[in-house]
Amino acid sequence: MKLKKSFYNSHVIRHDLTYFGWIGGIYIILLLLIGPIASLSGEERFANYMLRLLDFDAPLHLFTIVTIPIVLGLFQFKYLHNQLQISRVHNYPFSRYEWLGTKLVTGMFILLIPQMFFTLFVIVFYPSAGFIGNQLIHTPLEFLVLNCVYMLSLYFFSVLISIISGFTIAAALMTLIFFSVPYGILTLLFSNLELTLKGFYYNYSFMDKVILKLSPLTVLYEFSCKRISNMTYVSIGMFVFVFLFAIFFLYAKRKDESAGDVLAFEVLKPIFTVGVTICSVFVVGTYISVIYETEISLFAGYLIGGTLGYYISHIIVNKKINVFKKYAKGYGVMILCIVLFQGVIYFDIVGFESKVPDVGSIESVIFEPLYAPKDEHDRKVYSSIEDIETIREIHKKRIAEEVESKVGKKFYIQYNLKNGIKIKRQYIIEELRYKPIFNTLYSSEAYKKQTYDIFNLDPNAVSMVLIESNQFWNNREKIETTKDIDQLLSALKQDVMAASAEDLVFNRYDQAHIIFYDNRHNANVNVVALDEQELDNSVDLSGFDEVDSQAIIVDIPLNSKFSKTKSWLDEKGVLSNIALKPEAVSYIVLEEVGLRSSATTVIGEESKTVNVVEPEWIKDILEKMSYGEYFDDKEPYYVVGVGLKDKIDGMVYAYIQKKNLPQEVLDEFTH
Amino acid sequence: MSSSSLNFIEVQDLIKYFGDFKVLKGINLHVKQGSIYGLIGPNGAGKTTLIKHIVGSYYQDGGEVLIDGEPVYDNSRILKRMAYIPDDLYFNTTDTVKKISKFYKKIYPFFNEKRFETLKTVFEIDENHLIRKMSKGMKKQAAFWLAISSMPDILILDEPVDGLDPVTRRRVWSLILQDVEERGTTVLISSHNLRELEDVCDYVGILHNGSLLMEKDLDELKTDIHKIQTSFEFEPDSTKLNAGKILYENILGSVHNYIIKGDKDHILKWLNLYSPRFIDMLPLSLEEVFIYEIGGEGYEIKEIIL
């Protein structure tokens, strides 16, 4: 007898549409409601909203593309979770594959037809095709394809979970849980390792760039971005393919008698219990450790989380409460695993926490704040033995800390070893604790050259320099001749190289920003627009990047200690316009605030204040005042309020340490 | 001639586990084409599990389930020729008899619309009425109406007349018998109503604890077990009954009551050894056969004093 194999049956599709077509109906109503709902907030916003109908910004749209496929999958395959239904369905004269294929085709119709209709509706009734093409992030076709493929991936995912689970509520919950895999699980794991393993590098960038795309839900995050990466397309396509394959494979393996069980496959039960236990360990551990902030609380949290997760998962799988005795042995093993895990970390058995490579084995070291730009050419790489030693010294001291730094800056250390291995660490480091060592690092040539991009600038390639004042005036000066640019660069380089770590970091104050406009890659400098802006004094000046978004910008702060640069700018007659000169200051008010912990930036009536009007003292204070970021807790300091001659209202605020104030001024406080 | 050509439904060494529990322990069952087979057994014996294998819902852990020589699991060719009415029926919320009949017309190649129309008068059910709003008996009639209209070669019925009134029961049995007679339909019925089974079945299989205790022609079965009332001149010696087995014995005064399994002639020969004053050999009902057979397997009726 000839076998006629088919993967769908048109009669069943028609029959199925009578049962589940309403979901498609609701979907299309919701899609069409996006516009009218937007119109409630006004005509202008409605126009904007219409523009976004073919985009992923509308909340109702986001809601529908996630919930509709999930709900459809759960409803369509609900029969798998009922003994009576599944017997009836599988007694119909179809092979299981034919039945499954038919259901999936019906599901695709229900999902995709409203989407196509909606896209067509928007295109037809939209003001004009040009309007759509120019202003939408995604073209209608791209939007349609993206939407359809995304919804299919979620639909298949929902069907897959329905097949894996034995009852519908469990399927709905598992769909939500599995959505967070692997992003949620890895976030939990990495957060916990960050808490327990000193020096563990939590690679947020990797999580966002790669892991976020490995879950059908989290990949949605990227849809509202301007460009959808190839990785995202591959990721969604892969979801569709993998889910579809898994659906057909598991449907054939699924036993009808599993209807009513939490999990339809025996092999998944241990995976489920282990997964729930691990998640519970990490969630409860994190929760308790955040409340009590001790290592023992984290351990206690792990034990409590493990106990809850282990038994709750067994209660769910077995669908009965009395599981304690039966699984006591496994519980013991689980507790032992937690103890071992904590033990390995606490006693640093693998030597992770104490590892600092030998100088001889290191080729270079990256040392920078954790959230610094991650482009390879922007990284601060130190290759000299002196600099490597300095960083190793900081690292070793940080490891040896008895009371761990909690409030410092997060630093990233990457040792590039000669054998090709990269050792990555992340620490909170209080720079003030190791100020002498950081002084050495911040004074180093490598640090300066990598922090200030002027050393790579070719004066001939710079078409223009803008100097923008900070908070004193809304002023901007322009330098355009190559000779001037060359001289300015030269002065700046000398100042940077001569500056101490104190000047550049610990006691820094920027008076202006010197922005070099590197025009090698873009000849169309929008200087006219800039000039027009300057003529219109009523508006704030646009940022440089707004003037021309294609520009390559090198932004160098004009540090108040950069004396050569300031002198050069003064000679050119532009300093007074963009920086704080003593001549522009009418007076300075100093307020004694004592230690850093009691700091306030408001000069109050109760605190003791001193008015400084002596030009020499004003000059001195202006040069030594700073942002106060690195003031030592134990050293008294003062709030500096600078009153400007040209401005009656408003002051410029900064901080100054007691040691930097002229003795005569300090004497004023004692009188 | 091979056994499969004789037996339309053939279950060979069927084994099924639910977790660690062995529900079916190597069952061998044979149903001849055009016959009615009664599957009986106590609650929890595994009848429904066995039926779900026969209707292609469950997949066996061991053995084979063949219909017309083909494995039944996931076999659409067999399922097209089969109708199954389970004990608990399930219908979707919007199902009506009419809606389902339209669907069946498309999916069952032998669905007989004329028969469907004719049966309207038999069942007196509004075909446009939502089935979920019907009583249990009405639902059963609806299921039967649809099943019989699909012109099945194999009819599998799990408690088919449970919930039906006596008149409808008669109608249903009559339809089954008519179908068997006219079309040679093969019927397998699982029921606790042994009195009614006795009237329609050709063969009976008794299932207990996942094993088929026995499978026989009903007439043969009934002639194999004897209910005897007698009185002796001399006290009988049961050890001398070589070709039979006493399933039950009760002595009231001089009257001996026996249920004996075995050849009638041999039993009479043994009774005559002890000069019986009289011998009454009475026929056994299927219910009595079932009770005494199952009783021998430790499922006897227990006197319960509350």
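Can you give the accessible area of residue A:617, probe radius 1.4 Å, in Å² rounded to 10?
Looks like 60 Å² after rounding.
Rank these residues by their accessible area, most exposed first, probe 1.4 Å: A:279, A:148, A:337.
A:337, A:279, A:148
Sort region B:1-96 into rounded, prolate or oblate with this rule: let a ≥ b ≥ c be the square roots of the eigenvalues of the Cα gyration tensor; rounded if a/c is under 1.5, and if a/c is not under 1.5, prolate when a/b is larger than b/c, oblate otherwise.
Oblate, since a/c reaches 1.5 and b/c is not below a/b.
Which ³J(HN,Hα) values in Hz, rounded to whole numbers, follow from the phi angles of region A:75-88 under the Karplus curve 6.51 cos²θ - 1.76 cosθ + 1.60, where θ = phi - 60° and Gly and Pro get x?
Ordered by residue, 3J(HN,Hα) equals 5, 5, 10, 4, 4, 5, 9, 9, 4, 5, 5, 5, 5, 5 Hz.
Could you give the length gained by full extension between residue A:428 and residue A:384, i.e. 0.36 nm per residue of separation minus their alpha carbon distance, to one decimal place?
In short, 13.4 nm is gained.
Which lysines does residue A:418 reach when only Cα atoms under 30 Å apart count, and residues fewer than 8 places away in its own chain are ignored?
Partners found: A:198, A:209, A:355, A:374, A:380, A:396, A:397, A:409, A:410, A:435, A:448, A:449.
Label points 7 Å out from Cα along the Cβ direction at residue B:192 and residue A:371: separation in nm?
Label-label distance for residue B:192 and residue A:371, simple model: 7.1 nm.
Of A:240, A:407, A:234, B:289, which has the most accessible area and how do the rest follow, probe 1.4 Å?
Greatest to least solvent exposure: A:407, A:234, A:240, B:289.
Between chains B and A, what is the buried accessible area summed over both chains (1.4 Å probe, protein heavy atoms, nearest 100 Å²)?
2600 Å²
Report relative contact order for chain B in percent, whole number only (criteria: Cα-Cα under 8 Å, sequence separation at least 6).
Computed value for chain B: 19 percent relative contact order.
I want to make sure I understand the PRE zone here: with the label point 7 angstrom from the Cα of residue A:319 toward its beta carbon, which residues in region A:171-185 have backbone N atoms less than 13 Å away?
Counting only backbone N, you get A:171.
Can you classify the protein assembly as shown as rounded, prolate or oblate using the Cα gyration tensor, where a ≥ b ≥ c are the square roots of its eigenvalues, rounded means a/c under 1.5, and otherwise it's prolate if a/b beats b/c and oblate if not?
Note, shape of the protein assembly as shown comes out prolate.
Run the quick spin-label model on residue A:635 and residue B:214: label points 7 Å from Cα toward the beta carbon, then report their separation in nm to one decimal.
10.6 nm
I want the local charge near residue B:184. Using Cβ-Cβ distances under 14 Å, sum +1 for each Lys or Arg and -1 for each Asp or Glu among the other residues.
After counting each charged neighbour, the total is -3.
In nm, to one decimal, how far is the residue A:396 label point from the residue A:177 one, both placed 7 Å along Cα→Cβ?
Between residue A:396 and residue A:177, the simple spin-label model gives 4.9 nm.
Suppose a student asked you for the relative contact order of region B:177-306, using Cα pairs under 8 Å spaced at least 6 residues apart; what percent would you report?
Relative CO of region B:177-306 lands at 25 percent.
Hey, what number do you get for chain B at 222 nm if only DSSP H runs of n ≥ 4 count, each worth -39500 (n - 2.57), divided across all residues, to the nearest 500?
-9500 deg cm²/dmol
Between the helical axis of B:113-123 and the dominant principal axis of chain B, each derived from Cα atoms, what acute angle in degrees is found, rounded to the nearest 10?
The answer is roughly 60 degrees.
Roughly how much of residue A:296 is accessible, in Å² to the nearest 10, using a 1.4 Å probe?
Per-residue accessible area (residue A:296): approximately 120 Å².
Determine, for region A:624-670, the count of lysine pairs separated by eight or more sequence positions (or lying on different chains) whose alpha-carbon distance falls under 21 Å.
Total qualifying Lys-Lys pairs in region A:624-670 comes to 6.
Averaged over A:79-92, how many beta carbons belonging to a partner chain fall within 10 Å of each residue's beta carbon?
Mean number of neighbouring Cβ atoms from other chains: 5.
Could you calculate the FRET efficiency of residue A:204 with residue A:304 from 1/(1 + (r/R0)^6), where r is the beta carbon distance between them and R0 is 35 Å, rounded to 0.05?
After rounding, the FRET efficiency stands at 0.80.
Within 14 Å, Cβ to Cβ, of residue B:279, how many net charges do the neighbouring residues add up to if Lys/Arg are +1 and Asp/Glu are -1?
+1
Could you name the lysines whose alpha carbon sits less than 17 Å from that of residue A:269, not counting residues in the same chain fewer than 8 places away?
Here the lysines satisfying the reach criterion relative to residue A:269 are A:253, A:255, A:319, A:320, A:326, A:329.
Counting only heavy atoms of protein chains, what accessible area per residue, in Å², does region A:224-315 have with a probe of 1.4 Å?
Accessible area per residue: 51 Å².
With every protein chain left in place and a probe of 1.4 Å, what is the accessible surface of residue A:513, to the nearest 10 Å²?
Taking all protein chains as shown, residue A:513 has close to 60 Å².
Taking a ≥ b ≥ c as the square roots of the eigenvalues of the Cα gyration tensor of region B:129-288, is the shape rounded (a/c under 1.5), prolate (a/b larger than b/c) or oblate?
Cα axes put region B:129-288 in the prolate bin.
With r as the distance between the Cβ atoms of residue B:133 and residue A:142 and R0 = 30 Å, compute the FRET efficiency 1/(1 + (r/R0)^6) and round to 0.05.
Approximately 0.05, to the nearest 0.05.
Work out the FRET efficiency for residue B:250 and residue B:273 from their Cβ-Cβ distance, taking R0 = 30 Å, and round it to the nearest 0.05.
The value I calculate is 0.90.
The values are calculated or read from the model by the stated rules, or taken from the named source; none is laboratory data. Owing to the predicted nature of the structure, the values given are computational and were not obtained by experimental measurement. Cβ coordinates were reconstructed from backbone atoms using ideal geometry, including for glycine residues, and neighbour counts include every protein chain displayed. The protein model used for the area step is the full one, side chains on, heavy atoms only, and it has no ligands, DNA or RNA in it. Shrake-Rupley method; radii C 1.70, N 1.55, O 1.52, S 1.80 Å.
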